[in-house]
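Read the structure below first, then the notes.
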Amino acid sequence: MATSKDKIRNYNANITAVGMYLPEKVLDNHYFEKIVDTNDEWIVSRTGIRERRKEENGATSDMAARAADDLIKNHNINPEEIDVIIVATVTPDMFFPATACLVQEKIGAKNAWGFDLSAACSGFLFALKTGAGLIEGGTYKKVLVIGADKMSTIINYKDRNTCLLFGDAASAVLLEPTEDLNIGVKDSILHCDGSGKESLYMKGGGSLNPPTHETVDQGLHTLYQDGKTVFKEAVKGMADISVEIMQKNNLSSDDVAYLVPHQANLRIIDATANRMGIPKEKAMVNIDKYGNTTAATIPLCLTEYYRDGKLKKGDNLVLAAFGAGFTWGSIYLTWGID
Ligand code: UT7
C-alpha cells in the first residue's frame, strides 16, 4: 500500500533486475581447523557459517562486473542504457580510480557515470537509497547498484576471531522508475555514528597511516573487529531500526513477507526477526553458504530468493544492516518483479 509520504512522488524506484557472482573456490570450516585454533562446532553454533567463497581470479571490479553481466544477460538489459553505476565496497581495486569506473568499462556501459560508496556492511542499503533518490528525482531511468567485496584481501588468516567470518562475492540490482507507487522503494531510515570507529576497522593504508614497513609489520592492513562490542550494537541497531520502520509504515508482522538482513551472524538475524515478531522462516538466510560478504549480502539474498521462486511481486520486504562506522539502517520496499 502506498503511504501518504509516497504520494508526493511521481515515481518510485523499482528493482527490475538482479544478478550475482560467487567465486568457485569454497572454504569450509574444516579448512580453518587446519590454520587456526577453532572447530566446526564453534563456528556453526556461534555464527551459523558453514562455508564461504574465495576469489582467485580477479579483483573486486571483476566480481562486480560478473554480477552485472549476470543481471544484464538474465534480464536482457542493454548496458548502453545504464545511466549510473554505484558500487558499494570496502575493498575497491585501488583508492582511485573508483571501482565503478572499472566496472563501467568492463560491462560496456558506455553512457554511464558512477562512483563508489563506502559504508561497509550497510553499503548496499546506503547505495540503494542513493540510487533510489536519483530515480525518484526523474533524471535517471536505469541505475545499477552493486554490492561487491573481496574480503579475502583484507583478512588476517592467523586471526581466529575474524578470518572465518568473511567471504568474497558480488551482487547487483537495477533500479528503474515506476508510476505504480504500490511497488518499489518506499521508505528508509539510515544512520552513522563514528564513535564506533575503534570497534571495526582497517587502520593502515589510508591518509592516517600510509603504508610503510612498520604498518605492514604491525598488521594494520587487515581487518580488526572487537566482536563482542559489535555483536551487542548490531543486535540492538538492527532490531530497533527494523521495528521502527515497521511502526513508521504501519506494517504488522503479517504484512512483512521477508526480513532481508545483512548476513554477519545467524544469532543477530534471529534476534532481529524475533523483535519484529516474525517467524525465523521469514528471515532470508544464506550465511551458511557464503559467510559475511559485507556489501554483497543483501542483494545476494534478494537474487537467490527471487531465482528460487520464493519472492513474489507485491511482497513487502524490510532490509536491515549494521556495520563498521558504525553504520546501520533499514529500507522498506515492495518487490516489483513478476
Ligand atoms: O558485519 C559487520 C558487523 N559484524 C558483526 O555483526 C559481527 C558481530 N560479532 C559476532 O558475530 C560475534 O561476536 C563473533 C562471531 C565474532 C564471536 O562470537 P562471540 O559469541 O561473541 O564469541 P566471543 O568473542 O565472546 O568469544 C567466546 C569464546 C572466547 O573464549 P573464552 O574467553 O570464553 O574462553 C573466545 O576466545 O570463544 C573463543 N573464540 C573461539 N573459539 C573457537 C573466539 N573465536 C573463536 C574461534 N574458534 N574462531
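Provide the FRET efficiency to the nearest 0.05 for the K25-N74 pair, computing r from the beta carbons and using R0 = 25 Å.
0.60
Using 0.36 nm per residue of separation minus the Cα-Cα distance, give me the extension gain between S252 and N57 in nm, one decimal.
Once the chain is fully extended between S252 and N57, it gains 65.7 nm.
Starting from the Cα-Cα distance between T153 and F115, subtract it from 0.36 nm times their residue separation and give me the gain in nm to one decimal.
11.6 nm
Kirkwood Rh, Cα Rg: Rg to Rh for the range 4-178?
Expressed as Rg/Rh, it is 1.05.
For the chain, restrict the atom set to alpha-carbon positions and state the Rg and Dmax in Å.
18.9, 58
Show me the helices of the chain, taken as full DSSP H stretches, that run 18 Å or more along their long axis by Cα and average -1.0 or above in Kyte-Doolittle hydropathy.
Long hydrophobic helices here: 60-74, 123-136, 227-248.
Give me the number: length gained by fully extending D270 to V216, i.e. 0.36 nm times residue separation minus the C-alpha to C-alpha distance, one decimal in nm.
Gain on stretching D270 to V216: 15.7 nm.
Report, please, the projected area of the range 170-224 averaged over directions, based on the convex hull of its C-alpha atoms, in nm².
Quarter of the Cα hull surface area: 6.8 nm².
Evaluated at 20 °C with a viscosity of 1.002 mPa s, what Stokes-Einstein diffusion coefficient in µm²/s does the range 186-307 have when Rh comes from the Kirkwood expression over alpha-carbon pairs?
131 µm²/s
In nm, give the distance between the simple-model label positions of V36 and E179, each being 7 Å from the Cα along the Cα-to-Cβ direction.
5.5 nm
FYI, it's all coordinate maths here, none of it is from the lab. For clarity, every value in this text was computed on a predicted model and none was experimentally measured. Glycine also receives a Cβ, built like all others from the backbone with ideal geometry; neighbour counts cover every protein chain displayed.
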